[in-house]
Amino acid sequence: MSVPKPTRRQMTHLIGVALTTAPALSCQAAFALTRHKGHGQVSRKAPAVIGNATPPRPVIMLDPGHGGKDPGAIGVSGTYEKHIAAAAARELYHQIKAAGRYDVVMTRADDHFIPLEGRVDLAHRHKAQLFISMHADALHDPAVRGASVYTLSNGASDAQTASLAQTENSADRFAGPAFHGMSSEVQNILASLVHEETRRGSAHMAASVVSAFQPRIGLLHHPARHAAFVVLKSADIPSVLVEMGFMSNRHDEAALRQAAYRQQVAGAMSAAIDRYFQGAGTNIARSG
Ligand SMILES: [Zn+2]
């Protein structure tokens, strides 16, 4: 007797259930879910292109961090991270639109709160091929400045990134009691649900951001870092979180307040997106 394969929607739901009940799941169960979803992936293959039909443009989901009741970090001179994130994402949105090579959507176009899980859901709903979360958080050390890019992993690359992930993940405290208490065990399970292919895509995008930023935007020392960021947990959409600078540093804050600087950051991110999709054509598609 053959058992019908679950649809993509059912699997997304299943994984959602797995995540909400995650503390009760053993690592083995989480692994089984990962493999199971892998089998259901046939539907991801694009239909054959017949004649001169142009394939659909890739969809990019931009995610300005925080919003509404969650201001994000507050800069040394009082700037809210949520406003910087939204302004930079809007600039990037317009640049991508103008170039006409991709479709682009934003998780929020105005100042409202979205829980982290909701941001990932939106990316799935829009069938995004790339998810970019945009931030300008604060660090304990006000001297640290420069841009950096983060991918998901169950272990943090360094203590600074671990504490950054903890701050970012705590954004859901604004969402009410249902979202409280993301234990490190749950975060490990989140990370283990991510497909290897997605992981490679995220790493490729992070490397593209670093190379595109290098000549024009100041970077943090070791700018490509990783930790268990909940907003990057999509199992099948390569995802990165870009810290465009830090609100805790007065130079970064002053720069990010300027539209001209945000244009430069968005320009570098557009170049990174091009680099990513050019590479995706040769490396990622072949491995998928
Ligand atoms: Zn943030």
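The values are calculated or read from the model by the stated rules, or taken from the named source; none is laboratory data. Predicted model, so just to flag it, every value in this text is computed and none were measured. Every residue, glycine as well, gets a Cβ built from its backbone with ideal geometry; the counts of neighbours run over all protein chains shown.
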With the structure loaded, tell me whether Ala162 is under 25 Å from Glu253 (Cα atoms), assigned to a helix (DSSP H, G or I) and either of a type in the set (Lys, Arg) or modelled with pLDDT under 90 (or both) or whether it fails that test.
no
Subset of the stretch 59-95 (residues that are touching a strand residue (DSSP E or B) at 6+ places or on another chain (Cβ under 7 Å), surrounded by fewer than 18 Cβ atoms within 10 Å (Cβ to Cβ) and in contact (Cβ under 8 Å) with a residue 40 or more places away in the chain)
Val59, Ile74
Positions within the stretch 51-70 being more than 10 Å from the ligand (Cβ to nearest atom), of a type outside the set (S, T, N, Q) and part of a loop (DSSP other than H, G, I, E, B), in sequence order
Gly51, Ala53, Pro55, Pro56, Arg57, Pro58, Gly68, Lys69
Being in a strand (DSSP E or B) and closer than 27 Å to Asp121 by Cα narrows Leu241, Leu220 down to just Leu241
Those residues of the stretch 120-136 which are within 16 Å of the ligand (Cβ to nearest atom), at pLDDT 95 or above and of a type outside the set (S, T, N, Q) amount to Phe131, Ile132, Met134, His135, Ala136
Taking the stated definitions as given, is Ala86 assigned to a helix (DSSP H, G or I), under 17 Å from the mean Cα position of the chain (by Cα) and within 16 Å of the ligand (Cβ to nearest atom)?
yes
Hits in the stretch 189-212 - residues which are β-branched (Val, Ile, Thr) and at pLDDT 95 or above:
Val209, Val210
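Residue-by-condition table, conditions (1) at pLDDT below 95; (2) among the aliphatic types (A, V, I, L, M):
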site: Asn52; (1), (2): yes, no
site: Gly65; (1), (2): no, no
site: Gly72; (1), (2): no, no
site: Ile84; (1), (2): no, yes
site: Ala88; (1), (2): no, yes
Out of contact with any helix residue (DSSP H, G or I) (no Cβ under 6 Å at 6 or more places or on another chain) and crowded, with 21+ Cβ neighbours inside 10 Å: is that true of Ser148 in this structure?
yes
Hey, any hits in the stretch 222-231 for a residue that's of a type in the set (Phe, Trp, Tyr) and under 16 Å from the mean Cα position of the chain (by Cα)?
yes
Number of the exception - Ser163 against (1) farther than 20 Å from Gly68 by Cα; (2) within 13 Å of the ligand (Cβ to nearest atom); (3) among the polar types (S, T, N, Q); (4) surrounded by 24 or more Cβ atoms within 10 Å (Cβ to Cβ):
(4)
Which residue pairs have Cβ atoms under 8 Å apart, sit 6 or more places apart or on different chains, and have a first residue in the stretch 135-148 that is closer than 13 Å to Phe213 by Cβ and a second that is within 12 Å of the ligand (Cβ to nearest atom) and not in a loop (DSSP other than H, G, I, E, B)?
Ala147/Val242; Ala147/Glu243; Ser148/Val242; Ser148/Glu243
Selection within the stretch 166-176 - under 20 Å from Ala136 (Cβ atoms) and either hydroxyl-bearing (Ser, Thr, Tyr) or more than 15 Å from the ligand (Cβ to nearest atom) (or both)
Thr167, Ser170
Out of Gly100, Gly118, I need the residue that is farther than 19 Å from Pro55 by Cα and among the small types (Gly, Ala, Ser). Which one?
Gly118
Out of curiosity, is Met182 within 16 Å of the ligand (Cβ to nearest atom), at pLDDT 95 or above, touching an Asp or Glu at 6+ places or on another chain (Cβ under 9 Å) and not in a strand (DSSP E or B)?
no
